[in-house]
Amino acid sequence: MAPSAAEALYEKHYGGDRARRGLFDALARWCTPRRVLYPGSFLHVTASFVFPSVVYVDTDRTAKRFFASMDDVVALVARNKAYRQKPKLTFHSASYEADFDEPEGSFDLLLSLYAGFISQPCKRFLKVGGVLAANDSHGDAGLASIDPDYSLIGVVRGRGDRLRVEEDGLEASFEPKKPMTRTEASLRERGRGVAYTKSAVAYLFRRTR
């Protein structure tokens, strides 16, 4: 049977080693979020292979076209999922910096991966006590590290899909290799991650207030 258009699009962008499933598997071994928010997701539904309920947000036209065939997307996820229940996917064709139709404080896990500074505008959707998982591709993990509303509680390290969450020895996680003063303005102006002495695939923060 020929793949659906949605499956063909997914394979084009995230087939094989590009799926980055290892991050989600590592997170799932460490926590069990009931609802996950993935702003700036493009069509990276690999998250739904691991988490039963995920809300995706993106303005990209290809993502909009992909999620328009939601039945095919759900079928793709169902063939790859690691859980028993029926997958629940929602897509908002919207900017994550604008309003979209989700209750504030209703998510247990917020993903910030390769899509800019998500930790600030989407904080309101994360429960107090919920987890932000951010990489530092655009500097968002660094921004969260100086935000008093977030507390660093772990990092994800490893290679390829063999990743693990580490909760000890976090003190050096945001020590720059070169001396610099990190402020929100400087990180936003820089627009990319800082080289730290002990880098990680992703950084995990608890929303504290």
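Coordinate-derived values only; no laboratory data. Bear in mind that the values here come from a model prediction, so they are computed numbers and not experimental data. Neighbour counts run over all protein chains shown; Cβ positions are idealised from the backbone, glycine included.
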(request) Give, as a single signed number, the net charge of other residues whose beta carbon lies under 10 Å from the beta carbon of Tyr203, with Lys and Arg counted +1 and Asp and Glu -1. (result) -2
(message) So if I average 1/r over every pair of distinct C-alpha atoms in the chain and take the inverse, what Kirkwood radius in Å does that give?
(response) 17.5 Å
(request) Among the aspartates and glutamates, select those whose C-alpha is under 20 Å from the C-alpha of Lys88, and discard any that sit fewer than 8 residues away in the same chain. (result) Glu7, Asp25, Asp58, Asp71, Asp72, Asp101, Glu102, Glu104, Asp108
(request) Taking the Cα atoms of the stretch 83-155, report the difference between the largest and smallest coordinate on each principal axis, in whole Å and largest first. (result) 36, 29, 22
(message) Under 5 Å between amide hydrogens, which residues at least 5 positions from Tyr196 or on another chain qualify, with H placed 1.01 Å from N in the peptide plane?
(response) Lys177
(request) Only Lys, Arg, Asp and Glu count, each charged at its Cβ (+1, +1, -1, -1), so figure out the dipole size of the chain about its Cα centre, rounded to 20 debye. (result) 440 debye
(message) Quick check: convex hull over the Cα atoms of the stretch 134-209, volume per residue in Å³, rounded to an integer?
(response) 89 Å³
(message) Could you check the spin-label model distance between Gln120 and Arg61? Points 7 Å from the Cα along Cα→Cβ, value in nm.
(response) 2.9 nm
(message) Which lysines, if any, have their Cα less than 27 Å from the Cα of Lys86, not counting same-chain residues under 8 positions apart?
(response) Lys12, Lys64, Lys127
(message) Given the -39500 (n - 2.57) contribution per DSSP H run of 4+ residues, what per-residue ellipticity at 222 nm results for the chain, rounded to the nearest 500 deg cm²/dmol?
(response) -7500 deg cm²/dmol
(request) Run the quick spin-label model on Glu166 and Arg29: label points 7 Å from Cα toward the beta carbon, then report their separation in nm to one decimal. (result) 1.4 nm
(message) Full-extension gain between Ala82 and Asp99, please, as 0.36 nm times their residue separation minus the C-alpha to C-alpha distance.
(response) 3.0 nm
(request) Can you tell me the order of 46-52, 181-187, 113-119 when each peptide is scored by its average per-residue count of other Cβ atoms within 10 angstrom, highest first? (result) 46-52, 113-119, 181-187
(message) Tell me the relative contact order for the chain as a rounded percent, counting alpha carbon contacts under 8 Å between residues six or more apart.
(response) 20 percent
(message) Using the Cα centre of the stretch 5-207 as origin and beta-carbon charges of +1 (Lys, Arg) and -1 (Asp, Glu), tell me which of Phe205, Ser137, Ser48 is placed farthest towards the positive end of the dipole.
(response) Ser48
(request) Please compute the net charge surrounding Trp30, taking Lys and Arg as +1 and Asp and Glu as -1 over other residues with Cβ under 11 Å from its Cβ. (result) -1
(message) Between helix 5-14 and the chain, what is the angle of the helix's C-alpha long axis to the longest principal axis, kept within 0 to 90° and rounded to the nearest 10?
(response) 30 degrees
(request) Report the full-extension gain for the segment Ser69 to Lys12: residue separation times 0.36 nm, less the Cα-Cα distance, to one decimal in nm. (result) 18.9 nm
(message) Suppose a student asked you for the relative contact order of the stretch 134-209, using Cα pairs under 8 Å spaced at least 6 residues apart; what percent would you report?
(response) 49 percent
